[in-house]
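The values are calculated or read from the model by the stated rules, or taken from the named source; none is laboratory data. Owing to the predicted nature of the structure, the values given are computational and were not obtained by experimental measurement. Cβ placement follows ideal geometry from the backbone for every residue including glycine, while neighbour counts extend to all protein chains displayed. Just so you know, the surface numbers come from the protein's heavy atoms only, side chains and all, with ligands and any DNA or RNA stripped out. Shrake-Rupley method; radii C 1.70, N 1.55, O 1.52, S 1.80 Å.
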Amino acid sequence: MLEVKNLTVRYGKKIAIKNATFNAHNKEIVGLIGADGAGKSSTLHAIAGVQRFEGEVVFNGYAYHSPAEAEPLKSQIALMPQGLGLVLYPDLSVKEHFEFFKRIRGVKDDPAYEERLLKMAGLYKFQDRLAKNLSGGMKQKLSLICTLLHRPKLLILDEPTTGVDPLSRRELWEILDETRHAQDIVILYSTAYMQEAQQMDKILLFDEGEIIAQGKAEELLKSAEPYTYEETSCDECFCFDKRCYSLKPLPVPHAKPTLEALFFINALKKGKKETRFQIKPKKVQTPPIIVEAKGLTKRFGDFVADDHIDLTLHAGEILGLLGANGAGKTTFIKMLLGLYPIDEGELWLLGKKIESYEDRIELKNYIGYMSQNFALYKDMTIKENMEYFGKLHELPSKTIAQKIEELSQGLGFAEYLDEFPTSLPMGINQRFSLATAILHEPVVLFLDEPTSGVDTIARAGFWKLLHELKRKWRISILITTHYMSEAEYCDRVVVLKEGKKIVDDTPQHLHELYPGLSFEEIFINFYKETK
Amino acid sequence: MRLGAIRAYMLKEFIDLKRSKMIYLVYLLPIMILILFGYGIRLEVTHARTIVIDQDNSKLSIDLAHAFMHSKYFDTKILPITPDEALASMKRAKTDIIIIIPPSFEKNLLKGLKSEIGVFIDASFPLRGRVMQGYVQGVLLNKASEYLPPQKIPLILINQRLLFNQAMRDENAIVPGLIALALLVAPAILAALLIVKEKEYGTIFNFYASPLSKAEFLIAKLTPPFVLHSVNIFIAFFIATYIFDVPFRGSFALFWVASELYVAVAVGIGLLVSIITRTQIAATVLAMLITIIPSFLYSGMLMPISAMEGGSYIEAHLFPVMYYSYILYDTFLIGQGLQSSTIILYLSILALYGTGLILIGSKLLKKELS
């Protein structure tokens, strides 16, 4: 039994998590759900005894208040920190990792248990493979079984599945489930994927350094029901994904909420309002096909990052490029942009065949690009950043000033213009990065993982913004994401798996093929087929 | 202390060093420092291209000209050309020194009259120019003292004897200093990298979240750089004595013990660097910065510590380099060994430095996120 009482973690003046209080019982999987920076990792680090904190943690009757006091418990605790394969040594093989973790934890050899772990993780055949040559999913499974070697009583997993393909994710869950049935263990599990909440015994919802709600999934959903309505037009409410959330009664029937509802309701209770985007309509002339890629291939040595990918982006379409980390999404976008040379295949952009550097230069002003983790200069204010990007596109100063005014009002970040990106929430940075990418009014947008790690409300807002842009400007958008559920908001989706295309279809058609299934579940079928 | 855990951690470090090819750096860096700088730094001038214009052609003048011939410092030609032609050759950078012996040079001297010898030196590189000036003056005065009648001698007294480095070889003066540089820089960088690498990748969590104690972690982390670089002590000795022909007059045991202590000091510096840095690049730059500059300045390679004054004198005593290089120069060139109380003192200071740095480092090392 784990009891966490008034746990607070500070970094200097900044409070990462404030007064977190919760319990976790034996054989329970407790989920910590929330965006980046909501306080999940800090909470987990404090409980694992690797981060100083205020308050008290009691595990099986032993109370500790600092990493030093937690020291005697460390033989019972296991921590798997955030990030793909972070606890692994790239140059060590699977078997050597096992030896290493066994020895530093002083665990006796138990060949039967070790074999079972390796088989559960599907790594039995790959024991001599170096960690750096494992796929993202395999790395996470290896990290997990390495933490299980010493049969911990408290297992702390920090976003073990972020960026991992859905099939590996499911296998990871199977390992966890098996483990908790076989031994006494408390599992803390943080995630950015709401869909994983269904499998958890208890959920803690994190937002802006606080736990805003906790309980079983059904209880939480039930508590959100009175505020969830079918889609309608309303003030003082949030609407997203065919539902509206409002504290005041709305004259429409109630709808079935998802866990995301709780974040919207919390925002409403805090008096926040949905940002209404205003985008001036614009007439744009474009060819009917914006991007036409035929057999695009990129190799890094022996490794094929993209293997003969065909893809077509039509005018006024939002095309989602989905896949796990390392599936080849970013490489593909970089080939389209000319940031990587194309090893094989043909590419047409805006009806023009791309053969040389000169071909691209002419098109640069028609293309907007937003790179992974928002490439912003953190020592310049938002305004200075935007001015800089505007000048790069050789816009006159007057136009830039006018555009900054218009976009900062329209996209709702006017009040932050003189602030530095590092001091702002990710959601604001995300919007202003988009504003920067559309400053020169491109006809096509390439967005690389713009929604990764961003909180629910900002993500919802961002998708609305993209649809608004598409409607007003008839802009075409190619967007990558590792959230399979975001397929819902695209006009068409392409799924990449280890450099190969495994799905290219419309969401409607996929729903017709697999009625009643979520995209998560739909795509697992495709992953299995191509295994 | 669980030896099994320490051994497993160390084994991992060795495998990692080997597969990540960092092991090459361990041996390449000190060898490169010794070889490149050993051949590269030259304070003396040899084979200065010299033209002697002998306008006198007397016994004395010929003898004087020959004094420049039999020296490795000069490549001398006695040419029957005019001073202008010689000067033109110097302008084309074909000649370094021109010596003009005027007519009636011998006659004047014998009569007791003042006589002037013209010496022109290319001083485009001031240090080189000054060194050549010294050589020429030395040769001339030496000759002069042989020939002047005895009653004139009191005016010029040359009785020089070079001690410890009789051959005045640059190698002897520089290579021991370079050993002090190499054995400080390389272990410090490696020790810092082994720890910071885990911080940068995130594998440091394996230590934070495990029952591994700080002492166990430090032993596992600091032993590999210490052991691997101990081999470099022998490599450095070999390079100094065989490749650069530096004499070795002291006790090898003293040299070895002092070097091991010094490597421990370097590892301690690496540990401190790893505590205040987060990325491998920052650790490398910082480790280099705080080891290379003091090594160059305070090893006595370019300037003897005793000749320093004020701030630099104090600074020299603050850095461990000075103590080690004192022992180095003694074992290589002098050989007084443990009979000198200074050597015993300096040896203990090195031991104190080593344990002190590692103790401070282990106090500052936190088993938690900072």
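Annotations for the structure displayed:
- The selection criterion, being in the same structural domain as A:E317 (by TED's automatic domain parsing), in contact with a Ser or Thr (Cβ under 7 Å, 6 or more places away or on another chain) and under 22 Å from A:H467 (Cα atoms), holds for A:D448.
- Flag if B:S306 is loosely packed, with under 14 Cβ neighbours inside 10 Å, at pLDDT 85 or above and either in contact with a strand residue (DSSP E or B) (Cβ under 6 Å, 6 or more places away or on another chain) or farther than 29 Å from B:Y27 by Cβ (or both): no
- Within region A:308-350, the residues that satisfy the criterion of being of a type in the set (D, E, K, R) and open to solvent by 40 Å² or more (accessible area, probe 1.4 Å) are A:D310, A:K334, A:D343, A:E344, A:E346.
- Any hit, region B:191-201, residues being open to solvent by 20 Å² or more (accessible area, probe 1.4 Å), free of Cβ contacts under 8 Å to residues at least 12 places away in the same chain and within 14 Å of chain A (Cβ to nearest Cβ): yes
- For region B:315-355, the tally of residues that are within 9 Å of B:G250 (Cβ to Cβ), open to solvent by 40 Å² or more (accessible area, probe 1.4 Å) and not in a helix (DSSP H, G or I) stands at 1.
- Top-ranked residue in region A:109-128 [being free of Cβ contacts under 8 Å to residues at least 24 places away in the same chain and not aromatic (F, W, Y); ranked as nearest to the other protein chains (Cβ to nearest Cβ)]: A:D109
- Taking region A:29-108 and the helices (runs of 4 or more DSSP H) fully enclosed by it, the elements with 3 or more residues that are within 7 Å of chain B (Cβ to nearest Cβ) are at A:94-104.
- Among the candidates A:K280, A:K298, residue that is in contact with a helix residue (DSSP H, G or I) (Cβ under 9 Å, 6 or more places away or on another chain), part of a loop (DSSP other than H, G, I, E, B), over 23 Å from A:A192 (Cβ atoms) and of a type outside the set (A, V, I, L, M, F, W, C): A:K280
- No other residue among A:L339, A:L407, A:L363, A:L319 is aliphatic (A, V, I, L, M), within 21 Å of A:I479 (Cβ to Cβ) and part of a strand (DSSP E or B) apart from A:L319.
- Residues within region B:206-255 that are of a type in the set (S, T, Y), away from every other protein chain (no Cβ under 14 Å) and open to solvent by less than 20 Å² (accessible area, probe 1.4 Å), tallied: 1
- Checking region B:26-41 against the condition returns no match, with no residue being away from chain A (no Cβ under 14 Å), within 30 Å of B:G118 (Cβ to Cβ) and out of contact with any Cys (no Cβ under 7 Å at 6 or more places or on another chain).
- From the options B:S312, B:S295, B:S362, residue that is small (G, A, S), assigned to a helix (DSSP H, G or I), crowded, with 18+ Cβ neighbours inside 10 Å and in contact (Cβ under 8 Å) with a residue 12 or more places away in the chain: B:S295
Listed here are the residues, each with its yes/no results for (1) on the phi < 0 side of the Ramachandran plot; (2) touching a Lys or Arg at 6+ places or on another chain (Cβ under 6 Å); (3) at pLDDT 90 or above; (4) surrounded by 19 or more Cβ atoms within 10 Å (Cβ to Cβ).
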{"residue": "A:K352", "(1), (2), (3), (4)": "yes, no, no, no"}
{"residue": "A:S356", "(1), (2), (3), (4)": "yes, no, no, no"}
{"residue": "A:R360", "(1), (2), (3), (4)": "yes, no, no, no"}
{"residue": "A:N373", "(1), (2), (3), (4)": "no, no, no, no"}
{"residue": "A:K378", "(1), (2), (3), (4)": "yes, no, no, no"}
{"residue": "A:E384", "(1), (2), (3), (4)": "yes, no, yes, no"}
{"residue": "A:Q402", "(1), (2), (3), (4)": "yes, no, yes, no"}
{"residue": "A:F413", "(1), (2), (3), (4)": "yes, yes, no, yes"}
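- Apart from one condition, B:I23 fits all of (1) within 14 Å of chain A (Cβ to nearest Cβ); (2) touching a residue at least 40 places away in the same chain (Cβ under 8 Å); (3) out of contact with any Phe, Trp or Tyr (no Cβ under 9 Å at 6 or more places or on another chain); (4) surrounded by fewer than 19 Cβ atoms within 10 Å (Cβ to Cβ); the exception is (3).
- Only a single criterion out of (1) exposed (fewer than 14 other Cβ atoms within 10 Å of the Cβ); (2) under 30 Å from B:I179 (Cβ atoms); (3) outside the structural domain of B:T284 (by TED's automatic domain parsing) is not satisfied by B:L36, namely (3).
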